[in-house]
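Worksheet: one structure, shown below.
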Amino acid sequence: MARLEGKVILITGAASGIGKATAETVRREGAIVAAADLAAIEGLGKDDSAYSLDVSNESQTEDVIAQIIDRYGQIDGLATCAGVSVEGSVTQFELDNWHRALAINLTGTMLSCRAVVPHMVRQKSGAIVTVSSIYGMTGGPGNTPYNVTKGGVLQLTRSLAADFGSCGVRVNSVSPGYIETPMTGMLAHAGAMRDAFVAMHLLQRAGQPEEVGNVIRFLLSDDASFVTGANIPVDGGFSAAQVIRV
Ligand SMILES: NC(=O)c1ccc[n+]([C@@H]2O[C@H](COP(=O)([O-])OP(=O)(O)OC[C@H]3O[C@@H](n4cnc5c(N)ncnc54)[C@H](O)[C@@H]3O)[C@@H](O)[C@H]2O)c1
């Protein structure tokens with residue numbers, strides 16, 4: 001039997017990159033995908049559904065969850081893949097951009113979790129996977145708003161795991177390294193800069209979105225039934241060691 005047969009899984013940011021790949025991988029394991037994004041979503045399966053959603057908007061988020069419950073009567077999984085990259089050191093970014101990063105990456109993740117948790121508690125089961133980053137685990141230059149939101153996502157994840165583990169709800173994170181998606185598209189043309197970044201990954205290559213989707217799928221499934229509050233780096237070894245290459 002497929003690992004996610006009949007499970008209803010909400011994926012935010014499902015129109016592109018890691019969210020889109022996650023939708024494909026969980027669908028292959030029998031899940032019904034409720035796909036949400038600001039952008040148009042393509043490639044839905046027979047029982048899937050799509051929702052136009054700005055994850056930073058609380059009432060829209062609650063409305064989408066209500067529609068999912070109306071339609072399927074259950075929500076078994078959530079993968080919070082919606083996110084934006086906001087660059088700059090503290091002396092560079094505009095305050096509006098700081099607020100935008102927090103609103104989408106951190107508050108948006110919290111709002112999706114907050115809207116699904118009561119249903120999972122009622123069901124006495126559910127699995128949530130949040131998407132942090134290598135830059136949620138370590139510092140990095142020139143991306144302060146993004147890095148702060150991703151560190152926050154890790155603490156949000158542990159806090160949710162602590163609060164709802166006794167109710168049968170598991171909450172984990174993945175922390176991707178450099179994954180080739182539209183978000184990192186500008187790096188593809190960055191020459192020596194891209195090469196140096198790739199070299200910081202022990203596997204000496206960039207990752208593909210489905211390689212993150214596969215780990216999210218594992219964490220959503222009963223194969224991870226005793227895993228909660230964990231963060232799995234999906235980073236080709238970036239966070240494991242610093243290797244000097246000469
Ligand atoms: N690509 C990488 O190297 C990498 C590394 C670490 C972490 N991540 C994280 O993975 C997640 C997915 O990134 P990706 O690389 O697939 O990027 P992507 O740009 O391909 O996809 C992000 C999706 O989120 C959607 N989105 C943005 N703002 C939204 C909002 N307010 N409401 C709803 N949807 C919204 C976009 O429309 C898009 O479809 C992000 O949280 C990102 O920070 C990516």
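Throughout, read-outs are computed from the coordinates displayed, never taken from laboratory work. Remember, predicted model here, so these are calculated numbers, not experimental data. Neighbour counts are summed over all protein chains in view; Cβ atoms, including those assigned to glycine, are modelled from backbone coordinates with ideal geometry.
Odds and ends about this structure:
- Close amide H pairs (under 5 Å, H built 1.01 Å from N) link residue 231 with 173, residues at least 5 positions away or on another chain.
- In segment 158-218, the GluC sites (Glu not before Pro) that fall in loop regions by DSSP, at most 16 other Cβ within 10 Å: 180
- Sequence-distant residues sharing a close amide H with residue 50 (under 5 Å, placed H): 35
- Proxy reagent accessibility, fewest Cβ within 10 Å first, across 80, 157: 157, 80
- Extreme residue, positive dipole direction of the chain, given options 129, 181, 99 (C-beta unit charges): 129
- Counted charge near residue 182, where neighbours are those whose Cβ lies closer than 13 Å (Asp, Glu -1; Lys, Arg +1): -1
- With the convex hull of the Cα atoms taken as the outline of segment 20-118, the averaged projected area works out to 7.0 nm².
- Difference of contour (0.36 nm per residue) and Cα-Cα distance, residue 190 to residue 95: 31.5 nm
- Ascending count of other beta-carbon atoms within 10 Å, so fewest first, for 183, 137: 183, 137
- Reachable lysines from residue 7, criterion Cα separation under 21 angstrom, eight or more residues apart if same chain: 20, 46, 124
- Residue 197/residue 246 FRET efficiency (R0 22 Å; Cβ-Cβ; nearest 0.05): 0.80
- When Rg and the Kirkwood Rh are both derived from Cα coordinates, the Rg/Rh ratio for the chain amounts to 0.96.
- On the beta carbon distance between residue 63 and residue 183, with R0 = 35 Å, the FRET formula returns roughly 0.85.
- Under DSSP loop assignment and at most 14 Cβ neighbours within 10 Å, longest trypsin sites (Lys or Arg not before Pro)-free interval of the chain: 125-204
- Take the Cα of residue 1, step 7 Å toward its Cβ, do the same at residue 85, and the gap between the two points is 4.2 nm.
- Its Cα gyration tensor gives segment 157-225 an equivalent ellipsoid, and the semi-axes of that ellipsoid, as √(5λ) in whole Å with the largest first, are 32, 12, 10.
- Cut-off under 5 Å, modelled amide H: who pairs with residue 88 long-range: 143, 144
- Rounded tilt (10° steps) of 17-28 against the dominant C-alpha axis of the chain: 40 degrees
- Taking θ as phi - 60° and the Karplus parameters 6.51, -1.76 and 1.60, the scalar couplings of segment 237-244 work out to x, 3, 8, 8, 6, 9, 10, 7 Hz in sequence order, x denoting glycine and proline.
- Grouping the Cα pair distances of segment 1-71 into 5 Å bins from zero gives a pair-distance distribution of 4, 19, 29, 24, 17, 6, 1, 0 percent in increasing distance order.
- Cα-based reach from residue 150 at 15 Å (exclusive), listing aspartates and glutamates while leaving out same-chain residues under 8 positions away: 87, 235
- Two-site label geometry, residue 205 and residue 47: point separation in nm, points 7 Å out along Cα→Cβ: 3.5 nm
- Checking every one of the GluC sites (Glu not before Pro) in segment 27-109 against DSSP loop status and a limit of 16 other Cβ atoms within 10 Å picks out 42, 87, 94.
- Residue order, fewest to most beta carbons within 10 Å, for 198, 215: 198, 215
- Residues in segment 183-194 carry Karplus couplings, in order, of 4, 9, x, 5, 5, 4, 9, 8, x, 4, 5, 4 Hz; the curve used is 6.51 cos²θ - 1.76 cosθ + 1.60 with θ = phi - 60°, and Gly or Pro positions show x.
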